[in-house]
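I have placed the structure first, in the form of structure tokens, so that the comments after it can refer back to it.
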Amino acid sequence: MIPDGLKYTKTHEWVRVDGTEVTCGITDHAQSELGDVVFVELPEKGRVIKREEAFGTIESVKAVSDLYAPVGGTVSDTNRLLGETPETINKDPYGDGWLVKISISGQGELEHLMSAEEYGKLIGEG
Amino acid sequence: MNILEPTIFDLSQEGRQGAALPDLDVPEKPLEELLPEESLRRDLPHLPEVSEPEVVRHFIHLSSFNHHIDKGFYPLGSCTMKYNPKVNEVSARLPGFARVHPLAPAKTVQGALRLMHELGDLLCRISGLDEVTLQPAAGAQGELAGLMMIRAYHDKRGHRRSKVLIPDSAHGTNPASVTLAGYRSVQVASNDRGLVDIDDLRRAADEEVAALMLTNPNTLGLFESDIEEIERIVHGVGAQLYMDGANLNALLGIARPGDMGFDVVHFNLHKTFSTPHGGGGPGAGPVGVKAHIGPFLPVPVILRDGEEYRLDYDRPDSIGKIQSFYGNFGVMVRAYTYIRMMGARGLRAVSENAIINANYLKRKLEGTYDLPYPQHCQHEFVLSGRRQKEQGVKTLDIAKRLLDFGVHAPTIYFPLIVPEALMIEPTETESKESLDAFIDAMLTIAREVSTDPERVRTAPHTTPVRRLDEAGAGRKLDVRQRADRGV
């Protein structure tokens with residue numbers, strides 16, 4: 001399941017672009033690989049992050065993994081729902097399981113992202 | 001919730017007794033005459049009232065729900081779940097060991113001190129190191145103690161360093177210990193043979209590096225054959241070489257970490273030296289060091305003066321005490337018993353048989369499961385369940401299905417560099433028959449993945465409980481039951 005309208009990273013994050021604000025999460029493939037998510041640690045609102053910086057962690061019954069910023073910018077919102085119900089990431093990774101919203105510093109931040117087709121090839125589901 | 005066994009409090013019947021106390025040999029007096037009023041409790045403590053057979057049946061019943069090494073094969077990779085000889089328990093229960101007080105004057109506990117001193121010597125001889133502390137109560141605490149000594153060593157030389165290198169195949173405790181010790185961990189990549197990538201190590205090694213933490217053999221069960229080059233690179237920048245001794249079971253009597261150039265090594269007595277594992281129970285993670293790290297060992301150090309043993313606190317550069325009293329003494333008695341029972345040749349045979357058993361399993365399973373690193377392994381090896389996953393069955397499902405065969409599952413999803421990893425360590429204490437039974441189980445499961453995948457996906461079918469809510473247990477851990485509220 002790789003929605004067409006989104007952009008992707010090789011570290012399995014997705015990005016939905018809406019003007020200068022983007023919404024990020026992890027892909028369906030990533031949640032399936034991680035297994036049941038137990039905790040998510042997200043950055044504070046207002047934090048400035050660089051592209052590819054580890055900005056949070058996600059813990060599943062299998063492992064603890066870093067979350068990497070797909071774009072650089074300022075964190076404008078985080079998904080508070082995940083504090084109580086982190087399993088939302090497993091149930092709805094592209095919808096209610098989103099992680100953060102980031103105000104990007106420029107359109108250049110989006111250049112490095114992959115299309116759905118490219119990401120599909122990366123994970124062998126193209 | 002389905003209750004398999006009531007708690008011992010639920011079994012309680014008023015007035016029932018499990019112990020018969022001897023008759024008083026002094027005149028009986030009311031408690032009020034013996035203790036001041038503020039020391040007397042108003043309510044009786046909430047203790048279960050049960051008979052001896054009820055207690056015995058309750059705990060035997062509980063132990064039958066669990067899987068343990070006295071019940072069946074336990075190939076949990078990196079944990080060295082070898083059989084724990086019962087003679088260890090006999091020694092540990094000798095009154096001279098079991099009933100000493102930690103504050104007893106040294107002169108009155110010479111036997112206990114001698115045992116600790118000799119255990120330290122034996123560990124030095126096995127590992128090729130110069131001095132040992134027995135204090136750490138677990139491998140991870142050993143790691144922390146080792147890193148604190150390395151830090152003290154660098155500080156003393158006036159060069160405070162900031163980072164520690166760790167291969168990407170390392171145990172998760174390594175970066176955690178590094179962080180606790182105030183360092184930053186920097187990952188070193190593995191090459192396509194599953195060993196430390198020497199070029200990547202060279203790139204990462206600079207004057208800011210305090211140490212490289214290396215597990216040898218590594219978590220893939222592979223001997224780091226470039227260890228001499230690794231040693232030159234690490235010592236070349238003035239850093240120290242730390243060995244995570246989790247996999248020492250492959251080296252006994254064959255190769256010594258000290259000879260490979262390691263400066264600090266932690267041992268897991270509960271792995272290599274057959275003392276009981278976990279269950280929250282005591283472990284022991286002694287740390288051995290080369291002479292230049294000796295001054296920083298935790299106090300007290302046990303010294304021998306002629307025929308007398310004493311506790312030496314006179315180590316001005318010591319990192320201090322890291323555990324109450326002297327560590328888990330009962331565990332030391334067991335490990336000492338094991339080493340003396342095995343002897344030098346016996347210990348070598350331990351490692352040889354551990355290696356032969358692992359290679360036997362590996363060769364029998366490699367055609368059916370993917371084997372990412374095909375070379376000969378040491379005491380353990382890592383398979384990948386990739387092929388089975390393509391058929392819709394995850395490694396987790398295979399692990400759960402193994403429980404139906406009376407086998408504990410291998411370590412799964414670790415090391416992280418192997419997808420769908422199954423890490424298998426049979427240990428030396430398994431017979432060919434028990435290894436063959438495990439092979440049969442693994443081959444049967446692989447067939448089921450093709451013919452009846454649902455049976456594997458819904459396993460286990462025969463255990464007291466089925467799949468547990470691991471995520472729920474992680475999120476909302478609640479292990480307390482209140483007597484007044486039931487479950």
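Of the residues making up the stretch B:1-56, those that are hydroxyl-bearing (Ser, Thr, Tyr) and part of a loop (DSSP other than H, G, I, E, B) are B:THR7, B:SER12, B:SER51. Within the stretch B:437-487, the set of residues being of a type in the set (A, V, I, L, M, F, W, C), part of a loop (DSSP other than H, G, I, E, B) and away from chain A (no Cβ under 14 Å) comprises B:ALA459, B:VAL465, B:VAL479, B:ALA483, B:VAL487. Only one of the numbered conditions (1) under 23 Å from B:THR272 (Cβ atoms); (2) away from every other protein chain (no Cβ under 13 Å) is not met by B:PHE414, and that is (2).
Assessment of the stretch B:268-289 against the conditions (surrounded by fewer than 21 Cβ atoms within 10 Å (Cβ to Cβ) and at pLDDT 95 or above) yields no matching residue. Here B:LEU44, B:LEU4 are screened, and the one residue that is at pLDDT below 90, exposed (fewer than 12 other Cβ atoms within 10 Å of the Cβ), hydrophobic (A, V, I, L, M, F, W, C) and under 22 Å from B:ARG466 (Cα atoms) is B:LEU4. Restricting the search to the stretch A:6-31, which residues are in contact (Cβ under 8 Å) with a residue 40 or more places away in the chain and of a type in the set (Gly, Ala, Ser)? Answer for the stretch A:6-31, where residues must be in contact (Cβ under 8 Å) with a residue 40 or more places away in the chain and of a type in the set (Gly, Ala, Ser): A:GLY25, A:ALA30. Of all residues in the stretch B:110-138, those that are within 15 Å of B:PHE273 (Cα to Cα) have Cβ atoms under 8 Å from Cβ atoms of residues that are part of a loop (DSSP other than H, G, I, E, B) and of a type in the set (D, E, K, R), 6 or more apart or on another chain, in B:CYS124/B:ASP130; B:ILE126/B:ARG256; B:SER127/B:ARG256.
Restricting the stretch B:444-480 to residues that are of a type in the set (Asp, Glu) and over 28 Å from B:LEU62 (Cβ atoms) leaves a set whose member that is farthest from the chain's Cα centre (by Cα) is B:ASP452. Here B:ARG114 meets each of (1) modelled with pLDDT of 95 or more; (2) under 22 Å from B:GLY283 (Cβ atoms) with one exception, condition (2).
When restricted to residues that are in contact with a Leu (Cβ under 7 Å, 6 or more places away or on another chain) and of a type in the set (S, T, N, Q), the stretch A:1-16 contains 1.
Take A:GLU117 and decide whether it is away from every other protein chain (no Cβ under 14 Å), closer than 30 Å to B:ALA421 by Cα and without any contact (Cβ under 8 Å) to a residue 24 or more places away in the chain. Criteria met by A:GLU117.
The residues in the stretch A:27-62 that are among the β-branched types (Val, Ile, Thr) and either surrounded by 19 or more Cβ atoms within 10 Å (Cβ to Cβ) or under 22 Å from A:PRO3 (Cα atoms) (or both) can be counted, and the count is 6.
Looking at B:LEU76, B:LEU103, B:LEU113, B:LEU123, just one residue is crowded, with 23+ Cβ neighbours inside 10 Å and out of contact with any Lys or Arg (no Cβ under 7 Å at 6 or more places or on another chain), and that residue is B:LEU123. Looking at the stretch B:240-248, is at least one residue at pLDDT 95 or above, buried (at least 22 other Cβ atoms within 10 Å of the Cβ), among the polar types (S, T, N, Q) and farther than 24 Å from B:ALA291 by Cα? Within the stretch B:240-248 (the criterion being at pLDDT 95 or above, buried (at least 22 other Cβ atoms within 10 Å of the Cβ), among the polar types (S, T, N, Q) and farther than 24 Å from B:ALA291 by Cα), the answer is no, since none of the residues qualifies.
Once the stretch A:74-87 is narrowed to residues that are in contact with a strand residue (DSSP E or B) (Cβ under 8 Å, 6 or more places away or on another chain) and of a type in the set (D, E, K, R), the residue that is farthest from the other protein chains (Cβ to nearest Cβ) is A:ASP77. When the stretch B:11-22 is filtered for residues that are surrounded by 13 or more Cβ atoms within 10 Å (Cβ to Cβ) and modelled with pLDDT of 90 or more, the ones remaining, listed by number, are B:LEU11, B:SER12. Under the condition of being surrounded by 20 or more Cβ atoms within 10 Å (Cβ to Cβ) and part of a strand (DSSP E or B), the residues counted in the stretch B:302-356 number 3. Restricted to the stretch B:376-394, and to residues there that are surrounded by fewer than 18 Cβ atoms within 10 Å (Cβ to Cβ) and in a loop (DSSP other than H, G, I, E, B), the residue that is nearest to the other protein chains (Cβ to nearest Cβ) is B:GLY392. Listed here are the helices (runs of 4 or more DSSP H) enclosed by the stretch B:185-287 that have at least 1 residues being of a type in the set (S, T, N, Q) and under 15 Å from B:ILE126 (Cβ atoms): B:269-272. Residues that are of a type in the set (Phe, Trp, Tyr) and assigned to a helix (DSSP H, G or I) within the stretch B:357-375 comprise just one, B:TYR360. Give the stretch A:10-20 a look and list any residue that's over 14 Å from A:GLU33 (Cβ atoms) and either surrounded by fewer than 17 Cβ atoms within 10 Å (Cβ to Cβ) or more than 9 Å from the chain's Cα centre (by Cα) (or both), or say none. Once the filter is applied, which keeps residues that are over 14 Å from A:GLU33 (Cβ atoms) and either surrounded by fewer than 17 Cβ atoms within 10 Å (Cβ to Cβ) or more than 9 Å from the chain's Cα centre (by Cα) (or both), the stretch A:10-20 yields A:ARG16, A:VAL17, A:ASP18, A:GLY19, A:THR20. Among the residues of the stretch A:16-73, the one identified as within 14 Å of another protein chain (Cβ to nearest Cβ), touching an Asp or Glu at 6+ places or on another chain (Cβ under 8 Å), assigned to a loop (DSSP other than H, G, I, E, B) and among the aliphatic types (A, V, I, L, M) is A:VAL61. Identify all residues within the stretch B:65-79 that are in contact (Cβ under 8 Å) with a residue 12 or more places away in the chain and of a type in the set (S, T, N, Q); write none if there are none. Correct list: B:SER78 only.
Would it be correct to say that B:ASP397 is in a helix (DSSP H, G or I) and within 14 Å of chain A (Cβ to nearest Cβ)?
Considered against the rule, which asks whether it is in a helix (DSSP H, G or I) and within 14 Å of chain A (Cβ to nearest Cβ), B:ASP397 comes out as yes.
When the test is whether a residue is surrounded by 19 or more Cβ atoms within 10 Å (Cβ to Cβ), in contact with a Lys or Arg (Cβ under 9 Å, 6 or more places away or on another chain) and of a type in the set (Ser, Thr, Tyr), A:THR74 does not pass it. Annotation note: of B:ASP200, B:ASP244, B:ASP226, B:ASP192, the sole residue that is under 24 Å from B:GLU425 (Cβ atoms) and without any contact (Cβ under 8 Å) to a residue 24 or more places away in the chain is B:ASP192.
The values are calculated or read from the model by the stated rules, or taken from the named source; none is laboratory data. Everything numeric here is computed off the predicted structure, so don't read it as measured data. Neighbour counts run over all protein chains shown; Cβ positions are idealised from the backbone, glycine included.
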